[in-house]
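Novice: Please see the structure below; I have some questions.
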Amino acid sequence: MTPTRKKLLVVLLGLAALAVTGLLVLRLLVDPAAFTPLLTGFVKQTTGLSLTIDGGLRLSLFPSLGITMKRASLGDLPGFPGESFADIKEASIQVRPMALLRGDLEVLGLSVRGLRVRLVRDKDGRENWKALPIAKVEVKKDAMVVTKNDGQTTSFRYLVKTARLSGSEVVFENRADGTVFSLTDIDFSADGIEPGRPFAAEMSLSAASVRPEIQARVDLSGKTLVDPAAMRFAVSDATVGIKAAAKGLPVAAFQAQGHGDLELLAEENRITGRKMTLSGSASGGSLPGDGLAAGLELSFDYDYGTGLASCPALVLTVPKAGLTTKGTFEASGLGTKPRATLTLAAAPFDAKSLLAMSGVPLPAMREKNALGKVGFSLNAAYLENKETRLETDLSLDGAPVRVTAQAATGDRTRIAAGVDIQTLDLTGYLPAASASPPKDAAQRKKGTAVPGQNLVLDLRLSAKRLDVDKLSLTGVELVGTLDNGVAQLSRLRAGLFGGSITATGRADPRQPATAVAVRAEGSGLQAGPLLLALTGKEPLTGTAGFRADLAATGNDQAAVMRSLSGTASVSLKNGRIAGLSLSPDILSAPQRLLSLGLGGDDAPAKDGGKQGSPEGTAVTSAGFSAAIKNGVATTRDILVQAPPHKVTGQGSINLPAQALDLRLTAHVAGVADIPVVVAGTFSEPTVTPDMAAIPAAAIGGAAGKAVKALTDPGGAAKDVLDAVNPLNLLPFGRDTKK
C-alpha cells in the first residue's frame, strides 16, 4: 500500500470514529422526552387535536436518526370530549432534530403500526370528523400547508423517503342505528418518495360490518401511484380479489376477482374508475348451494365535492341465464338532495333459470319454455322528494308488456303501478298438472309477519286480450290496492264470449286466518262456447248470466271451501239443449218418445228435417239460486223452461266434498210429473227416477208405455233426464253413469 493510500485510509477511519463518537454523545446528552412538548404543540397547532403519548419517546440512531413513539392517542374533538379520534401502538419517524428545534418537520422515513381511526356519527347526527378544525390541506413542492377553519395556516417541509403502515384499521360507528363498519388489517408500503413526484405503493385490507354481520378480505396488487403535489392517488391495471361472508342476509358468501384503473384526485374532489371488470359468484342464504355467477363491467366518475356521479358504461352479465344488461347511471346532489337516473336494456334471456339461480325456483309450468325469452328496457329516476319513477317495456316470450310505476318513501312506501298489455296468452304459465305445491304452502303459523307491511300499492292493469286456457278475456280493466298486506280489488271488468263480467274482492291475510270476500257478476255470456272452454263439451247454448257474493276464511284451499258462505245464482235464456227434440207430436208413439230425437226416429218432421234435429230443444229460460253456508249450497228454485215441458227442483251441493243431493221433477207435457234424484259426485253424477213417487195408474195407453220406458234406469229415454238436468248450467254433470 502506498503512503498516500495509507494516509487516506487513516483520515477516513478517523472521520468514521468521530461520527460514531458524535452520535453516541448526542444519544447520551439529548433527552428524547424534550421533544414531547414540541410534538404535542405542533399537532395541536396543526390539527386542533390533543396528542397524548403514554409509552414515551425513544431516540434511535440506526438505520438513521429518528424518534420512536409508543402508545399514543389523538382526541378531544369539539363535541366529543374524552373520546380518542385515533390511537397508535407504535410510530417510528426518522426526522431531522434540528429542524424540529426551528419549528419545522422534516421526515425522512415513517413507519406506523397499529393505527386505529374512529369515525363516529352520534345519535343527534353530529360527526366527529367534521369537528376537525381543518379547512384544507395543500402540498406545495416539498412543503405541506394546513389551513384551519379560522384561516390560520401551518406549513412544514416533508422529505419522506419511505412509508409503512401495518396492522391498522378505520372504524365507522353509527350510534343512531347501531351499525358498525370497519376496515381492518390495513397494510400500506411505499418507497422512493420524492417531493412533487409520483411514487409506487402497495396495499391490502379486510372489511367487516356489524348489523348486518359481514366479513370480507380485499387483496389489491398492481402499480399504485401517489402524487402528493397534485393530491392524486391512482391504481392502474390493478388486480383485486374479494372474499366475503355474511349472516342474516340473502347472500351468505361472495367471492370475486377483477381488474381496472382507479384514480382519486383530492384537489378536484373526484374519483374515477375506468375499464373496471369484476366477475364472481354469490351463494348461501336464499341462493342455491352452487351459487349465482355474474360479471360486471363499468366506468364511472364521482365528484364528491358537488355530489355528481355518472356511469356512462355499465354491463351486467349472468352467463348461465344468457343475461346481458347494458345501461347508464347519473346522479346529482349526493349527500344533500339526491337525484338519479338509470337506464338498462337486456336482450331476451332465460328468466326462469335466473330466478332459480337466485333462489326463487318456480313450479313446473304447462309450457316448458315459458319465461325462457324475457327481454326488457328500463328507465328509472329518483327525484329530490324521495320519489321514484319507473318505465319498463317487457318482451314476455314475445308478448309486449309495458309497466309504469311511481313510488314515494317515508314512514310507508307508496307505489302506484300501471300494466298495459296488448295480447298475452297466460296458459303456458299455469302450473303443470304434475306440479307439486310449493313446500311453504302449509298454513301460515300464528305470529308470522304479513307480506306487504308498511307498503301501499295501487295497481291498474289493462289488456286488449288475455287468453287463459280456452278462455279469452277482452278489454280487461283491473284496479286494486295492497295496503298493509290487505288486498282490495276495486274493479275488474272484462269481455267474455260475447258478454261481460265484473268483480270486486278483498283478501285480508292478518291473523288468525286469511279472510276472502268476492262479488262477481256476468251477463250476456254465450253458454255453449263457455261450457266448451270449461268442460270440453257443449251440452246447451243460450245467453247465460251469474251472480255471486261469497266470503271465506282459511290459509289453504280446503279451509276456504269449508268456510265458504254467501249467495250465488245462475241463469240461461233463449237456449237449446243440444241433440234433444221434445216436439209435441213426439208423444204420438212410444217409439218416438223413446228416441226423443236422439237418433232413433227417421220420420220426417213438418219442416222437412228430422224429429231428432241436431238443433235440439229450445229452452226459453233456466236457472237457480243458492244460499251457501260453510261450503254447502242449498237451492229451492231450480227451474228449466222448455215449453211445453219444464224441470223444477231443490237440493244441496256440498262443495268441499264435491257431492250432489238434488230432488228434481221433470214435467213432461202429456205424460206425467216424473220425480228424479240427482246424486253422486261432480265427476260422476247419477240421475235416477223416483219409482215410488209415480202413481201406478197415472197414465194409460201409449203414454203409459212411454212412462215405463222413462222410468227404466237402463232405458234409452233416460237421456232426456240427463239432458235437461240443471247441472248442465254448471261446468260438471254431463258425464253421467248409465
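Novice: Within the range 538-562, work out how many residues are surrounded by fewer than 18 Cβ atoms within 10 Å (Cβ to Cβ) and within 18 Å of Gln658 (Cα to Cα).
Specialist: 7
Novice: With the condition kept exactly as written, say whether any residue in the range 720-738 is farther than 30 Å from Met561 by Cα, out of contact with any helix residue (DSSP H, G or I) (no Cβ under 6 Å at 6 or more places or on another chain), at pLDDT 50 or above and assigned by TED's automatic domain parsing to the domain that holds Val560.
Specialist: No, the range 720-738 has no match at all.
Novice: Gly305: over 29 Å from Glu267 (Cβ atoms) and touching a residue at least 24 places away in the same chain (Cβ under 8 Å), yes or no?
Specialist: Taking the combined requirement at face value, the residue does not satisfy it.
Novice: Just for the range 131-154: of the residues that are at pLDDT below 75 and not in a strand (DSSP E or B), which one is surrounded by the most Cβ atoms within 10 Å (Cβ to Cβ)?
Specialist: Step by step, filter the range 131-154, then rank; the result is Asp142.
Novice: Next question. Any idea which residue in the range 597-651 is modelled with the highest pLDDT, counting only those that are among the acidic types (Asp, Glu) and outside any strand (DSSP E or B)?
Specialist: Of the range 597-651, the ones among the acidic types (Asp, Glu) are 601-602, 607, 615, 637.
Right, trim to outside any strand (DSSP E or B) and you get 601-602, 607, 615.
Numbers: Asp601: 41, Asp602: 39, Asp607: 42, Glu615: 63.
Among residues in the range 597-651 that are among the acidic types (Asp, Glu) and outside any strand (DSSP E or B), the one modelled with the highest pLDDT is Glu615.
Novice: Would you say Arg157 is under 28 Å from Leu77 (Cα atoms) and at pLDDT below 80?
Specialist: When the stated conditions are applied, Arg157 passes them.
Novice: Within the range 460-503, which residues are surrounded by fewer than 17 Cβ atoms within 10 Å (Cβ to Cβ), of a type in the set (Val, Ile, Thr) and over 25 Å from the mean Cα position of the chain (by Cα)?
Specialist: Within the range 460-503, Val468, Thr474, Thr502 qualify.
Novice: Also, I was wondering about something else. Tell me which residues, restricted to the range 532-555, are touching a Ser or Thr at 6+ places or on another chain (Cβ under 9 Å) and within 27 Å of Lys629 (Cα to Cα).
Specialist: Hits for the range 532-555 are Ala544, Gly545, Phe546, Arg547, Ala548, Asp549, Leu550, Ala551, Ala552, Thr553, Gly554, Asn555.
Novice: Let me ask you something else. Could you pull out every one of the strands (runs of 3 or more DSSP E) wholly within the range 449-553 that has 3 or more residues that are hydroxyl-bearing (Ser, Thr, Tyr) and assigned by TED's automatic domain parsing to the domain that holds Arg576?
Specialist: Result: 540-553.
Novice: Another question about this same structure. State whether one or more residues within the range 249-260 are over 23 Å from Ser358 (Cα atoms) and either at pLDDT 85 or above or not β-branched (Val, Ile, Thr) (or both). Can you show your working first?
Specialist: If we filter the range 249-260 for residues that are over 23 Å from Ser358 (Cα atoms), which is where we start, we get 259-260.
Filter again for either at pLDDT 85 or above or not β-branched (Val, Ile, Thr) (or both), leaving 259-260.
Taking every residue of the range 249-260 in turn, at least one turns out to be over 23 Å from Ser358 (Cα atoms) and either at pLDDT 85 or above or not β-branched (Val, Ile, Thr) (or both).
Novice: I'd like the full set of residues that are surrounded by fewer than 17 Cβ atoms within 10 Å (Cβ to Cβ) and either over 16 Å from Thr343 (Cβ atoms) or of a type in the set (Gly, Ala, Ser) (or both), limited to the range 384-401.
Specialist: Hits for the range 384-401 are Glu384, Asn385, Lys386, Glu387, Ser395, Gly398, Ala399, Pro400.
Novice: So which of Arg96, Arg116 ends up being modelled with pLDDT of 80 or more, basic (Lys, Arg) and assigned by TED's automatic domain parsing to the domain that holds Ala207?
Specialist: That would be Arg116, the only listed residue that is modelled with pLDDT of 80 or more, basic (Lys, Arg) and assigned by TED's automatic domain parsing to the domain that holds Ala207.
Novice: With the requirement that a residue be at positive phi and modelled with pLDDT of 90 or more, what does the range 353-410 give you?
Specialist: Leu371, Asp397, Gly398
Novice: Next up: For the range 258-294, how many residues are under 30 Å from the mean Cα position of the chain (by Cα) and under 26 Å from Lys320 (Cα atoms)?
Specialist: 22
Novice: Here's another thing I want to ask about it. Can you pull out every residue in the range 525-537 that is farther than 27 Å from Pro656 by Cβ and either small (Gly, Ala, Ser) or surrounded by 17 or more Cβ atoms within 10 Å (Cβ to Cβ) (or both)?
Specialist: Once the filter is applied, which keeps residues that are farther than 27 Å from Pro656 by Cβ and either small (Gly, Ala, Ser) or surrounded by 17 or more Cβ atoms within 10 Å (Cβ to Cβ) (or both), the range 525-537 yields Gln526, Gly528, Pro529.
Novice: Let me ask something additional. Between Thr634, Thr617, Thr648, which is under 24 Å from Leu564 (Cβ atoms) and of a type in the set (Val, Ile, Thr)?
Specialist: Every option except Thr634 fails the conditions.
Novice: If Pro195 passes every condition in (1) modelled with pLDDT under 75; (2) in a strand (DSSP E or B) but one, which one does it miss?
Specialist: (2)
The values are calculated or read from the model by the stated rules, or taken from the named source; none is laboratory data. Given the structure is predicted, the values throughout are model-derived calculations rather than measurements. All Cβ positions, even for glycine, are placed from backbone atoms using ideal geometry, and neighbour counts span all protein chains on display.
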